Amino acid sequence: MERTKKYLNSLFLSNNLAVKTQRESLFEAFANDERNIELVNTILENQRTMVTDWKIKNRVEDIKQQQFMIPNGTVGKPYSAVIDLEKNNWNDMVLFEIQGLESVGGITFNKEAFLISGIPEQSGEYKIRINYRLEEEAEDAELHEKLISLIINPNPKSLWKNIPSDTEDEFWKADDTTAFGKLGTKHIVVASKRGRSHANVGSFRDDDFSFCNLESGWSLVVVSDGAGSAKISRHGSKLACEEIIRYFKSALSIEQASILEELIFKNQTSPTDEIKKELNLAIYTLIGKGAKKVHDHLADFATANDYTINDLNSTFIFALFKPFEFGTAVLSFGVGDCPIAVLPKDLSEVKLMNWLDVGEFGGGTRFISTTDIFASPKFASRINFKIVSDFAYLILMTDGIYDPKFVVEANLEKAECWKEFMEDLNGANDQGIKVELNPENKNIEKQLSDWMDFWSPGNHDDRTLAIVF
């Protein structure tokens with residue numbers, strides 16, 4: 001009754017009907033009337049209902065207007081997004097459901113963990129519906145809906161075309177190629193793969209490589225990267241690799257090699273300034289003449305076929321090696337931005353066999369077809385010689401591998417970066433592709449070729465990697 005009296009008092013006052021003192025008993029009887037009590041209860045209940053309804057409508061509108069975003073996904077890549085009720089101030093939501101994920105395919109909603117996860121199958125912008133009921137509402141109340149956007153980006157790889165190159169072209173060569181073989185006392189595996197930027201327009205692989213065992217017991221590996229801006233650099237790299245092989249088959253015959261090896265032996269067992277000078281001169285002459293022979297061969301081809309030598313621009317690296325009782329002798333030459341490295345079995349250090357023509361130090365990329373490299377005072381520094389006691393890996397690569405895997409030249413000097421690189425080859429990568437460097441591995445060429453399909457944003461050049469192991 002007190003509630004009824006309180007309500008009636010307020011009602012009468014708002015209508016200028018204040019209860020006078022002499023009418024108190026009459027008001028008391030009026031407030032105790034069962035009909036009036038029932039009417040007041042009905043009014044108060046309706047008021048409560050309207051207040052609750054208004055609160056719910058306000059809350060639903062607040063949720064509807066609330067900015068809420070979930071991370072974008074990518075087709076083929078694992079996706080995970082937690083709906084944090086507390087963080088979004090959604091603790092008053094009950095019967096929380098999500099609909100619309102089926103249109104994406106591959107991802108689902110876990111109600112217990114409030115987790116959207118899976119591997120998206122379709123790209124696009126999807127409207128996902130969050131269906132919910134507020135805790136103040138009846139169990140049979142209609143569910144509310146909040147729309148959120150889920151953007152699934154296409155897998156970048158799918159945007160690249162793979163148009164075959166023209167096999168009728170005069171200087172055509174295979175888009176992808178691999179090789180494996182015995183090389184001296186070691187083995188070698190090489191893969192050379194046309195870059196996505198070339199495959200996307202149907203152009204050619206500009207990289208090239210070759211290797212051989214010389215009759216003298218020396219082994220030779222060569223890698224060349226044709227400049228993308230040069231008209232027939234793909235042929236320039238091929239000619240360069242072929243010519244250096246021809247040169248060393250003659251210049252490092254058994255007779256010629258014995259002279260070099262005697263100097264190497266003397267320099268190791270009884271070194272003198274004179275011996276060292278003779279050895280350096282012999283190496284400089286042998287390697288320097290080989291590099292110049294390649295340059296001249298490109299120049300002759302260009303002249304004979306109405307091209308300029310710049311049409312054949314190619315970076316060029318090679319390494320010769322032969323084991324001795326005191327270690328393995330490694331000779332090398334490099335022009336351009338392709339590194340050569342020798343690694344021990346425990347990967348505790350790295351011996352770089354060349355410097356790169358990059359940045360301020362190199363003054364920009366140079367090519368074996370660049371005439372001024374032979375007149376430069378730096379030319380002798382392009383030739384290197386080391387005796388390696390622990391020779392486990394000899395690695396040559398083009399910038400299509402170097403750029404994404406080492407990023408900057410300084411990282412080539414860091415043993416930890418080479419350790420990461422070898423771990424990557426051993427399967428520590430997003431694709432889990434492993435290259436088993438074992439001569440008995442029948443799939444070694446395919447494994448290396450598959451590994452070289454790795455994705456690296458912005459790095460879509462040709463890739464060539466030669467590993468002597």
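Where a number appears in this text, it was derived from the coordinates with a stated rule and is not lab data. Small disclaimer: the values here were computed from a predicted structure and weren't measured. When we count neighbours, we look across all protein chains shown, and the Cβ atoms used for this are built from the backbone with ideal geometry, even at glycine.
Hey, fewest Cβ within 10 Å first, where do Cys338, Cys417 land in order?
Working: Cys338 25, Cys417 17.
Exposure proxy ranking, most exposed first: Cys417, Cys338.
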Review point. Can you list the residues, at least 5 places off or on another chain, whose amide H is less than 5 Å from the amide H of Thr74, using H built in the peptide plane?
Key: Asn153
Practice item. Using Cα centres only, tell me the gap between segment 291-352 and segment 146-208 in whole Å. Key: 23
Study note, to complete from the structure: Taking the dipole of the chain about the Cα centre (Lys, Arg +1; Asp, Glu -1; charges at Cβ), the one of Ser80, Trp218, Trp418 that reaches farthest to the positive side is Trp218
Revision key, fill the gap. Expressed as a whole-number percentage, the relative contact order of segment 176-468 with C-alpha contacts under 8 angstrom and at least six residues apart is 23
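What fraction of the DSSP beta bridges in the chain is antiparallel, stated in percent and rounded to the nearest 5?
Values: 76 of 78 bridges.
Of those bridges, close to 95 percent are antiparallel.
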Practice item. Using label points projected 7 Å from each Cα along Cα→Cβ, tell me how many nm separate Leu95 and Ile254, to one decimal. Key: 9.3
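Given the pairs Lys345/Lys378; Lys186/Lys434; Lys292/Lys378; Lys157/Lys446, which are separated by over 23 angstrom at their Cα positions? Please report the intermediate quantities before stating the final value.
Working: Lys345/Lys378 32 Å; Lys186/Lys434 20 Å; Lys292/Lys378 15 Å; Lys157/Lys446 20 Å.
Distance filter (> 23 Å) returns Lys345/Lys378.
First select every other residue whose beta carbon is under 14 angstrom from the beta carbon of Thr303; then total the charges, Lys and Arg +1, Asp and Glu -1.
Details: positive: none; negative: Asp296, Asp300, Asp306, Asp311.
Taking every Cβ under 14 Å from that of Thr303, the sum is -4.
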Check your understanding: Hey, what do the phi angles of segment 325-333 turn into as Karplus ³J(HN,Hα) couplings, whole Hz, using 6.51/-1.76/1.60 and θ = phi - 60°, x for Gly and Pro?
Key -> 5, 9, x, 9, 7, 10, 10, 8, 9
Exercise for review: Return the sequence-ordered ³J(HN,Hα) values of segment 382-394 in whole Hz as given by the Karplus equation 6.51 cos²θ - 1.76 cosθ + 1.60 applied to θ = phi - 60°, using x for Gly and Pro.
Suggested key: 7, 9, 9, 8, 9, 9, 10, 7, 10, 9, 10, 9, 10
Check your understanding: Considering amide H positions built from the backbone, and no H for Pro or chain starts, which residues 5 or more places from Thr464, or on another chain, come under 5 Å of its amide H?
Key -> Lys193, Thr398, Gly400, Ile401
Exercise for review: Could you list which residues have their amide H under 5 Å from that of Val435, counting only those 5 or more apart in sequence or on another chain, with H placed in the peptide plane?
Suggested key: Asn426, Gly427
Study note, to complete from the structure: For the Lys277, Asp372 Cβ pair and Förster radius 30 Å, calculated FRET efficiency rounded to 0.05 is 0.65
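Can you check what the net charge comes to around Asn91, using other residues whose Cβ is under 14 Å from the Cβ of Asn91 (Lys, Arg +1; Asp, Glu -1)?
Working: positive: Arg59, Lys87, Arg133; negative: Asp62, Asp84, Glu86, Asp92, Glu135, Glu136.
So the environment of Asn91 carries a net charge of -3.
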Exercise for review: Note down the nm distance, to one decimal, between modelled labels 7 Å out along Cα→Cβ at Lys434 and at Glu125.
Suggested key: 4.4
